[in-house]
Structures are given as C-alpha cells and as structure tokens.
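K.L.:
Just dropping this structure here.
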Amino acid sequence: METRQGEINNLYFRNPEVFLSEAMIMKVGGLEEKYLEMDQKLTNLEQNLVFREEGEKDGRFSLENERKEEGSSRGGNFCELEEWQELQKITVRAIEILSEWEETEDIRIQVQYAAILVGKINALKKKDVVRSHEVRKKVCTLVRNVIRLNIAEEVFSEEQIQLLKEGFSLITAQNIQKENLLQLNRKFRNSGLQTMPPWE
C-alpha cells in the first residue's frame, strides 16, 4: 500500500529541478513576447513622430495646432461655448442700443450712445473667439472706426445705423469671410461714412 502511495505522489509531484527549469523557460518565453510587443509599439511611435515632423516641415499640418485642438477638445469647448454666449449677449445689447439711437435726433445723445457702443466693441475684442479670428477682429475695428470718425459730424441716418447693426451681427456670424468685411466697408463708404482716418 505504501509503495502505491509513493507512486501516486510521484505522478502528481514532479522533480523540483525539472519543474523549475520548465517554469523558467515559460517565463522567458512570456518575456520575449512582451519585449517583441513593446519593440513594435516603439517602432510605430518612431514612425509616427517622423511622419509628424516631416508633415510640419512641409506645412501639411502643425504639431502646435494639433496640441491646441487636443487642449480645446479636453475642456476648451465649454469655455468657447460660454464665450460665444457672452459674445452674443454683447452684440444683442449693442443692437438694442442702436435701435434706441435710431429714434434720437440729438447729436449729444448720439455721442453718448456711441461711447457705450465703443465700450461694447472693446469688450468684444477681449474675447478669445474674436482675438483668435482675424476677420472678426477687423470687423470690430472697422465698426469702432466708423463710430469714432463720424460721431461728431451729424446725426446718423437710419441707413447708416442699419449698417452698424449689420456690422455687430457680422461679428457673431458663423461663417464669416474676408469678403464680408470688404463688403461692409464698401457699404459704409457708400452711405457717406468714413471708415479710416484721412491720413491712412
């Protein structure tokens, strides 16, 4: 009976040296697989980096712009949305002021309205969504110039006030282009308003 028990024990328990050597072989095999996997990942990263650097040199894309986009996708969208809402509030209020301006015939009141609107434009220009967009920024400057250069001359006509409203609306337009700015500039000049000082 004892010999049978010894045989059974030998079936379930192996020689410790053989067991250790087989375990070491299995461990080394697993490490080799992990090494090859890591080596492949590193090669892919190096290729990706070379591709990006070459793309940046060629001007196909910019790593700096990509980082900005990543930053905005992490939390910038909320801030941008909040800024858009503030931008729209300011422009809506400016258009309301222009509607009140339409009803006045007194140049002194017109000057007061103009001062408030120039303040609104300065507030708009501080917003990132305006500062980072060249055309929006230039529309703000154009509208501010028109108000400041023409305010003391005579009372604005209804057509001229409508053009100022159009300028404020253009600041919050989604697909604003340089052509929109140039058109607005022409309309201001055609209505008899100066758009820049005479020496420029």
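K.L.:
Which pairs do you get when a residue that is over 18 Å from H133 (Cα atoms) and free of Cβ contacts under 8 Å to residues at least 60 places away in the same chain, found in region 159-186, comes within reach of a residue that is open to solvent by 30 Å² or more (accessible area, probe 1.4 Å) and in a helix (DSSP H, G or I), reach meaning Cβ atoms under 7 angstrom, with the pair 6+ apart or on two chains?
P.N.:
L163/K187
K.L.:
Anything in region 177-186 that is farther than 10 Å from V139 by Cα and in contact with a helix residue (DSSP H, G or I) (Cβ under 7 Å, 6 or more places away or on another chain)? List them, or say none.
P.N.:
Hit for region 177-186 is Q177, nothing else.
K.L.:
Can you tell me how many residues within region 115-138 are hydrophobic (A, V, I, L, M, F, W, C) and in contact with a Phe, Trp or Tyr (Cβ under 9 Å, 6 or more places away or on another chain)?
P.N.:
The total comes to 4.
K.L.:
Hey, another quick one. How many residues are in a helix (DSSP H, G or I), open to solvent by less than 70 Å² (accessible area, probe 1.4 Å) and at pLDDT below 90 if we restrict to region 126-135?
P.N.:
2
K.L.:
How many of the residues in region 145-169 are open to solvent by less than 40 Å² (accessible area, probe 1.4 Å) and more than 17 Å from S99 (Cβ to Cβ)?
P.N.:
3
K.L.:
While we're on this one: Could you list all residues from region 83-116 that are closer than 17 Å to E153 by Cα and not in a loop (DSSP other than H, G, I, E, B)?
P.N.:
W101, E102, I107, R108, I109, Q110, V111, Q112, Y113, A114, A115 - these are the residues of region 83-116 that are closer than 17 Å to E153 by Cα and not in a loop (DSSP other than H, G, I, E, B).
K.L.:
Looking for something within 25 Å of E83 (Cβ to Cβ), open to solvent by 50 Å² or more (accessible area, probe 1.4 Å) and of a type in the set (S, T, Y) - is there at least one such residue anywhere in region 172-183?
P.N.:
No, because not a single residue in region 172-183 is within 25 Å of E83 (Cβ to Cβ), open to solvent by 50 Å² or more (accessible area, probe 1.4 Å) and of a type in the set (S, T, Y).
K.L.:
Does any residue in region 188-200 that is at pLDDT 80 or above come within less than 9 Å, Cβ to Cβ, of a residue that is aliphatic (A, V, I, L, M) and open to solvent by 20 Å² or more (accessible area, probe 1.4 Å) six or more places away or on a different chain, and which pairs are these?
P.N.:
Here the result reads L193/L149; Q194/L149; T195/L149; M196/L149, each pair linking region 188-200 to a residue that is aliphatic (A, V, I, L, M) and open to solvent by 20 Å² or more (accessible area, probe 1.4 Å).
The values are calculated or read from the model by the stated rules, or taken from the named source; none is laboratory data. From a predicted model like this one, the values you see are computed outputs, not experimental measurements. Quick reminder, even Gly has a Cβ in these numbers, built from the backbone with ideal geometry, and neighbours come from all protein chains shown. Please note that ligands, DNA and RNA were not included when accessible areas were found on the heavy atoms of the full protein model with its side chains. Shrake-Rupley method; radii C 1.70, N 1.55, O 1.52, S 1.80 Å.
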